[in-house]
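Encoded as structure tokens, the structure appears first; notes follow it.
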Amino acid sequence: MGNFGIRRSYLAGTSLLALTAGLLSVPTTAARAQESASNSGDMVLEEITVTSRRRSESLQSVPAAVTAFSSQTIEDAGIERPSDFVALTPNVTLVETQNAGSSFIVIRGVSQARNSEPSVAVIIDGVQQVNPAQFNQELFDIEQIEVLKGPQGALYGRNAIGGAIVVTTKQPSDEIEGKVKVGMDSGPGYKAQASISGPVGQSDTLKFRLAGSFMDTDGYINNEYLDEEADPYKDFSLRGMLTWQASERFQMDLRGSMSELRTQAFYYNIVGDVNDTSLPVRVNNAGQNDRDMYTLSLRMNYDADWGTFTSVSAYDKLEEILTGDAFNFLPIEESFFNDFLGFDMNQSQYLDVEAWSQELRLTSNSDQRLRWIVGTYFIGTDRYISTGNMVDTGQGVFPVYREPSTNPLNPQATFLADSQDNFAWAVFGDVTYDITEDLEIDLSLRYDHDKREQTTLTPTQYLPNVPGFPAGATGDVRDRSFSEWQPKVTLRYNVSDDVSLYAGYSTGFRSGGFNQTGVGAVAFSNGIVGVNDIFEAEVAKTFEAGVKSSLMDRMMTLNASVFTTKSENSYFFVFLAANSTQNLGNVPEARLTGFELEGTLRPMAGLDLNFGLGYTDSKIKDFENPAYIGNEVPVLSRYTLNLGAQYHWDITDDVRGIMRVDYQRIGKTFWDVENSTVRRPVDLVDARIGVEWNDWSLTAWARNLFDERYNAEYSPGGFVFKAKPARYGIELSKRF
């Protein structure tokens with residue numbers, strides 16, 4: 001049945017692709033001639049230029065499955081967080097957790113887990129993020145977002161195994177300009193965002209841009225025991241950019257950003273059914289989730305006659321502390337531990353990451369038949385993590401950083417701490433050649449080498465001691481290297497000026513690493529297979545084909561793609577309540593097969609329609625426990641569907657109305673390798689209505705309009721986290 005299901009989905013996708021290509025190849029000259037006579041300029045869909053292949057090119061000409069959002073779409077759709085644009089992208093889902101620093105993006109079944117390397121490369125203004133905890137943040141003053149599906153390791157390296165997300169912020173302007181936006185929501189809460197940009201003084205060569213965002217809300221999920229909201233949220237973010245055009249050929253960009261987030265964590269429910277949302281939150285410790293992030297980067301471009309030399313240097317710093325209740329997340333008098341041991345537990349986790357990276361790249365001119373890119377990349381990362389349980393005496397929970405607690409109000413019960421010193425380097429190249437005017441071949445190759453060293457900092461008395469496993473010791477050092485060649489080859493053929501076909505093969509790679517010392521022994525003693533102190537690197541090999549088209553005098557776009565991926569050593573997540581550790585295991589082999597179909601249509605002036613459908617069929621082909629062979633891979637939603645409609649109209653000569661509705665359906669989701677927990681499909685509706693006049697706009701909005709109740713996350717052991725209920729708000733903005 002498993003192989004039949006994969007073949008069936010592959011044949012369905014291939015048939016869909018063939019049908020789409022066949023329909024698109026039918027001559028439409030007469031229809032175009034008739035339509036052209038009546039179509040005005042405002043009927044033509046805007047052309048989006050993307051840079052996902054490190055060059056500027058039309059979205060419809062890129063031989064890859066890419067979903068892009070322009071600055072106008074970002075504003076009209078109210079995109080302010082990653083979950084907002086993910087909801088509009090087929091075959092992409094985002095698992096939001098109550099830990100603000102952990103959100104798991106899943107593309108075509110390639111998923112991320114807690115404390116794992118990212119499954120997707122995230123590039124902001126040309127700088128690749130180094131830690132997955134950086135991804136889930138406020139998006140403000142954004143020019144464009146591009147989502148590439150399928151392995152992108154040939155260009156972006158390790159951890160682009162599922163795809164890449166390219167975010168471009170707004171650039172400094174030639175004249176002073178800015179924007180202010182304020183709003184309120186049903187938390188209750190409020191937000192304020194502002195940006196200002198222009199030349200420095202009277203300079204023609206030195207420009208700046210400064211943007212900031214502040215949000216403060218009481219929250220939406222009630223803690224019944226403490227009679228307060230469990231999820232208050234306060235975020236302050238600031239970003240600055242300085243560009244200097246030193247000469248006609250040389251330009252420098254200096255960018256810096258900071259983000260301070262304050263919220264709460266660890267208010268799970270323990271349920272037997274992942275679809276059960278009836279239990280209220282009843283933790284006696286509100287806990288904390290504090291995250292501070294800082295980035296600084298310098299990009300230099302030198303334009304020579306043959307092309308461009310680019311240097312990108314970056315520094316990243318992230319620090320996060322989590323505290324709160326522990327299993328089973330109930331008041332002391334009702335807790336599991338209190339019933340059997342006479343006391344309750346709480347927990348703390350501390351994460352501290354610093355990274356330095358450098359990329360050097362040579363890019364040929366784009367206006368030639370043979371185009372090429374060569375480069376090298378280096379990154380050094382220092383990472384420290386500690387986790388532990390403390391005895392809950394009813395006096396609250398206190399954060400634990402680098403040393404076990406000695407506080408008599410919160411004595412330490414378990415404690416694990418490790419530091420990692422990682423260094424990775426890569427070399428890469430890309431060649432694109434126009435064989436004919438209509439046929440293009442693109443060849444890419446990248447080699448990544450990642451060396452990791454972990455030092456055990458856990459005091460000896462806290463190290464797990466399981467018979468049959470060697471006892472660890474404070475100061476133990478483990479090291480391991482992971483490396484991989486990542487090739488990519490793509491052919492593109494232009495059927496006409498408006499229709500193109502493409503097909504290709506690519507390999508993606510995600511580094512392996514270390515669970516905390518002693519985890520393998522604890523997992524074994526709890527009967528869990530596939531989890532060891534070291535988890536292996538993951539490799540994905542993908543075949544893909546697609547068609548892209550602009551139809552009806554470019555009033556419509558219709559794109560389709562099919563893919564099949566062989567995944568080796570994909571990650572899965574296991575939480576060990578015995579020592580509050582978050583751990584990774586490997587699925588030796590899995591197969592992922594599916595398709596995407598998406599399009600946009602402007603049937604009349606002012607009305608825009610969009611849709612996207614993605615489907616992924618997965619099967620575990622090899623596993624230590626043979627009972628799991630044939631199961632779906634974990635954290636996979638079988639399909640996604642998104643539909644949207646937006647209408648602009650003139651109320652008066654000076655006032656314009658706008659209305660938008662977006663619908664998203666997330667198919668049933670498999671959470672673990674056992675497939676014992678399957679969440680039912682989820683249906684979400686977002687809506688916006690507003691008016692614009694002169695440089696002002698006023699908008700009312702709703703998220704999860706019909707108050708769909710579901711659990712956003714499930715962790716092995718029955719831990720569930722409630723998704724946010726319906727939220728409403730209003731915002732006012734002014735440009736100057």
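For MET258, indicate whether it is under 23 Å from the mean Cα position of the chain (by Cα), surrounded by fewer than 18 Cβ atoms within 10 Å (Cβ to Cβ) and among the aliphatic types (A, V, I, L, M). Criteria met by MET258. Residues in the stretch 207-235 that are charged (D, E, K, R), touching a Pro at 6+ places or on another chain (Cβ under 9 Å) and not in a strand (DSSP E or B) were compared, and the one that is surrounded by the most Cβ atoms within 10 Å (Cβ to Cβ) is ASP218. When the stretch 497-516 is limited to residues that are in contact (Cβ under 8 Å) with a residue 40 or more places away in the chain and more than 21 Å from SER570 (Cα to Cα), the one that is surrounded by the most Cβ atoms within 10 Å (Cβ to Cβ) turns out to be SER500.
Matching residues to (1) outside any loop (DSSP other than H, G, I, E, B); (2) at positive phi; (3) in contact with a Lys or Arg (Cβ under 7 Å, 6 or more places away or on another chain):
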site	(1), (2), (3)
ASP382	yes, no, no
PHE398	no, no, no
GLU403	no, no, no
PHE423	yes, no, yes
GLY429	yes, no, no
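Do we have PRO408 as crowded, with 16+ Cβ neighbours inside 10 Å, modelled with pLDDT under 95, part of a loop (DSSP other than H, G, I, E, B) and not β-branched (Val, Ile, Thr) here? In short, no. Among residues of the stretch 273-302 that are among the aromatic types (Phe, Trp, Tyr), those with a beta-carbon under 6 Å from a residue that is modelled with pLDDT of 95 or more at least six positions away or on a different chain give the pairs TYR294/MET258; TYR294/LYS317; TYR302/ARG249; TYR302/PHE250; TYR302/PHE309. Which residue, of LEU226, LEU210, LEU206, is among the hydrophobic types (A, V, I, L, M, F, W, C) and in contact with a Lys or Arg (Cβ under 8 Å, 6 or more places away or on another chain)? Answer to the check: LEU210. Checking each residue of the stretch 170-191 against the condition of being hydroxyl-bearing (Ser, Thr, Tyr) and surrounded by 19 or more Cβ atoms within 10 Å (Cβ to Cβ) gives no match.
When ILE196 is tested against (1) surrounded by fewer than 16 Cβ atoms within 10 Å (Cβ to Cβ); (2) without any contact (Cβ under 8 Å) to a residue 24 or more places away in the chain; (3) not acidic (Asp, Glu), just one condition goes unmet, and that condition is (1).
On the given criteria, is VAL661 of a type in the set (A, V, I, L, M, F, W, C) and in contact with an Asp or Glu (Cβ under 9 Å, 6 or more places away or on another chain)? Criteria met by VAL661.
Taking the stretch 63-85 as the range and being closer than 25 Å to THR490 by Cβ, of a type in the set (A, V, I, L, M, F, W, C) and either touching an Asp or Glu at 6+ places or on another chain (Cβ under 9 Å) or surrounded by fewer than 24 Cβ atoms within 10 Å (Cβ to Cβ) (or both) as the test, the residues that pass are ALA64, ALA65, VAL66, ALA68, PHE69. Once the stretch 679-689 is narrowed to residues that are touching a residue at least 24 places away in the same chain (Cβ under 8 Å) and surrounded by fewer than 16 Cβ atoms within 10 Å (Cβ to Cβ), the residue that is farthest from ASP76 (Cα to Cα) is ARG680. Identification of strands (runs of 3 or more DSSP E) wholly contained in the stretch 98-195 with 3 or more residues that are touching a strand residue (DSSP E or B) at 6+ places or on another chain (Cβ under 6 Å) and within 30 Å of THR363 (Cβ to Cβ) yields 120-124, 142-149, 163-169. Inside the stretch 364-379, can you point out the residues that are farther than 25 Å from SER483 by Cα and touching a residue at least 60 places away in the same chain (Cβ under 8 Å)? Across the stretch 364-379, the qualifying residues are SER366, ARG369, LEU370, ARG371.
The residues of the stretch 700-736 that are surrounded by fewer than 18 Cβ atoms within 10 Å (Cβ to Cβ) and within 22 Å of GLY585 (Cβ to Cβ), listed by number, are GLY717, GLY718.
Across the stretch 380-414, the number of residues qualifying as among the polar types (S, T, N, Q), farther than 27 Å from GLN454 by Cα and in contact (Cβ under 8 Å) with a residue 24 or more places away in the chain comes to 2.
Condition test on PHE85, is it in a helix (DSSP H, G or I) and within 29 Å of VAL673 (Cα to Cα)? Judged against the criteria, PHE85 is a match. Each residue in the stretch 431-467 was checked for being in a strand (DSSP E or B) and either under 29 Å from the mean Cα position of the chain (by Cα) or not hydrophobic (A, V, I, L, M, F, W, C) (or both), and 20 pass. Scanning the stretch 411-436 for residues that are within 30 Å of ASP367 (Cα to Cα), small (Gly, Ala, Ser) and either buried (at least 19 other Cβ atoms within 10 Å of the Cβ) or at pLDDT below 95 (or both) yields one hit, ALA426. Close Cβ contacts (under 7 Å, 6 or more residues apart or on different chains) running from residues in the stretch 98-124 that are closer than 18 Å to LEU592 by Cβ and at pLDDT below 80 to residues that are in a strand (DSSP E or B) and not aliphatic (A, V, I, L, M) comprise ALA113/PHE104; ALA113/TYR571; ALA113/PHE572; ALA113/PHE573; SER116/TYR571. Scanning the stretch 690-725 for residues that are in contact with an Asp or Glu (Cβ under 7 Å, 6 or more places away or on another chain), without any contact (Cβ under 8 Å) to a residue 60 or more places away in the chain and either among the small types (Gly, Ala, Ser) or closer than 24 Å to SER676 by Cα (or both) yields ALA702, GLU708. Name the one entry in LEU463, LEU439 that is surrounded by 15 or more Cβ atoms within 10 Å (Cβ to Cβ) and of a type outside the set (Gly, Ala, Ser). Selected residue: LEU463, the only one of LEU463, LEU439 that is surrounded by 15 or more Cβ atoms within 10 Å (Cβ to Cβ) and of a type outside the set (Gly, Ala, Ser).
Just a yes or no: is a residue in the stretch 287-301 among the aromatic types (Phe, Trp, Tyr), under 30 Å from GLU248 (Cα atoms) and modelled with pLDDT of 95 or more? Looking through the stretch 287-301, none of the residues is among the aromatic types (Phe, Trp, Tyr), under 30 Å from GLU248 (Cα atoms) and modelled with pLDDT of 95 or more.
Output the residues belonging to the stretch 525-557 that are outside any strand (DSSP E or B), touching a residue at least 12 places away in the same chain (Cβ under 8 Å) and under 30 Å from ASP672 (Cβ atoms). Answer for the stretch 525-557, where residues must be outside any strand (DSSP E or B), touching a residue at least 12 places away in the same chain (Cβ under 8 Å) and under 30 Å from ASP672 (Cβ atoms): SER525, ASN526, ILE528, VAL529, GLY530, ASN532, ASP533, GLU536, ALA537.
The values are calculated or read from the model by the stated rules, or taken from the named source; none is laboratory data. All values derive from a computational prediction rather than experimental measurement. Heads up, the Cβs are rebuilt from the backbone with ideal geometry, glycines too, and the neighbour counts pull from every protein chain shown.
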